[in-house]
1. Which residues' amide hydrogens lie under 5 Å from the amide hydrogen of residue 227, considering only partners 5 or more residues apart or on another chain, with H built in the peptide plane?
2. What residues qualify as long-range amide H neighbours of residue 113, i.e. H under 5 Å apart, gap of 5 or more or another chain, H built at 1.01 Å from N?
3. Gap in Å between the Cα centre of region 67-101 and the Cα centre of region 167-212?
4. Can you sort 231, 120, 199 by how many other beta carbons sit within 10 Å, fewest first?
5. Neighbour counts of other C-beta atoms within 10 Å: give me 148, 206, 98 arranged from fewest to most.
6. Kindly state, to the nearest 0.05, the FRET efficiency for residue 47 paired with residue 123, given R0 = 45 Å and r defined as their beta-carbon distance.
7. Cross-link partners among lysines for residue 44, C-alpha distance below 23 Å, same-chain residues fewer than 8 apart left out?
8. Using θ = phi - 60° and the Karplus form 6.51 cos²θ - 1.76 cosθ + 1.60, what ³J(HN,Hα) does each residue of region 162-170 get, whole Hz, x for Gly and Pro?
Amino acid sequence: MLRILRCHGLLQRTLSCPIQAFASQQQHVKQSTMASVALTLDVKRRIEEIRQQALLGGGEKRIEAQHKKGKLTARERIHLLVDEGSFIEYDMFLEHDCSDFGMEKQKYPGDSVVTGRGLINGRTVFIFSQDFTVFGGSLSGAHAKKICKIMDQAMLVGAPVIGLNDSGGARIQEGVESLAGYADIFQRNVESSGVIPQISMIMGPCAGGAVYSPALTDFTFMVKDTSYLFITGPDVVKPALTWVFGFIEYWPVQSPHSGRISDEPRQPVYVN
């Protein structure tokens, strides 16, 4: 009997070791799984927070200011233009990488332009819409990369590019990097000419590079009383030429070949 009891005790000790090890391993796996789930949920929460920031652009106050001027936001314009639910946004979280003049503390997801593709009457188009609520829609290196990306894709598939321009031009804080970004866009404007349709819609005051690019496209549409094109803005012209004038003085200055459609703002234009 004693021998049997000793054998039984030995068996228990022999079995208990792997059982305890297995239980410990299971507990470790459970803890790791819970930690992984918590991390995943935290990442999803953070992504959603950034997405909401991107949707707000420069913030509610600047959106309200845009509306008071009788202008829509970059996203509102896109959603009115494309077929409902068809817009797919690119690079929503991309930010500028400038660290001069305190710019590292002023970042907005998506920077100052919304880009992507959508459908208009069932046809694929690539769109960029500059966001005036973020740095006045000025073009940064990141902004330029987003535009160049959709232009490259439009060339690949043979689809039109529509630009909703509302920009003060190059972002002066970025210096030559911003100007280099415009050079990349101009190159694509030229390469796309005669290959795909390029359409520019001037939705606000545009100056500098924001004028040169539309000038290279096939069609340019403007909105009377809210959109302007300046090779150089009034603030820069004033010290150079001692002329003093504002936006409204620019409007009567147009060539005999322009203004033919914009003089009839209520007349719809249909392009087949």
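A short reminder: the numbers here are calculations on the coordinates, not readings from a lab. Small disclaimer: the values here were computed from a predicted structure and weren't measured. When we count neighbours, we look across all protein chains shown, and the Cβ atoms used for this are built from the backbone with ideal geometry, even at glycine.
1. The list, which skips near neighbours in sequence, is empty: none.
2. 131
3. Using only Cα atoms, the two centres lie 16 Å from each other.
4. Details: 231 11, 120 14, 199 18.
In order of increasing Cβ crowding within 10 Å: 231, 120, 199.
5. On the way: 148 17, 206 27, 98 20.
Ordered by Cβ neighbours within 10 Å, fewest first: 148, 98, 206.
6. Numbers: r = 31 Å, r/R0 = 0.70.
Taking R0 as 45 Å, the efficiency between residue 47 and residue 123 is 0.90.
7. 30, 107
8. 10, x, 9, 8, 8, 9, x, x, 5
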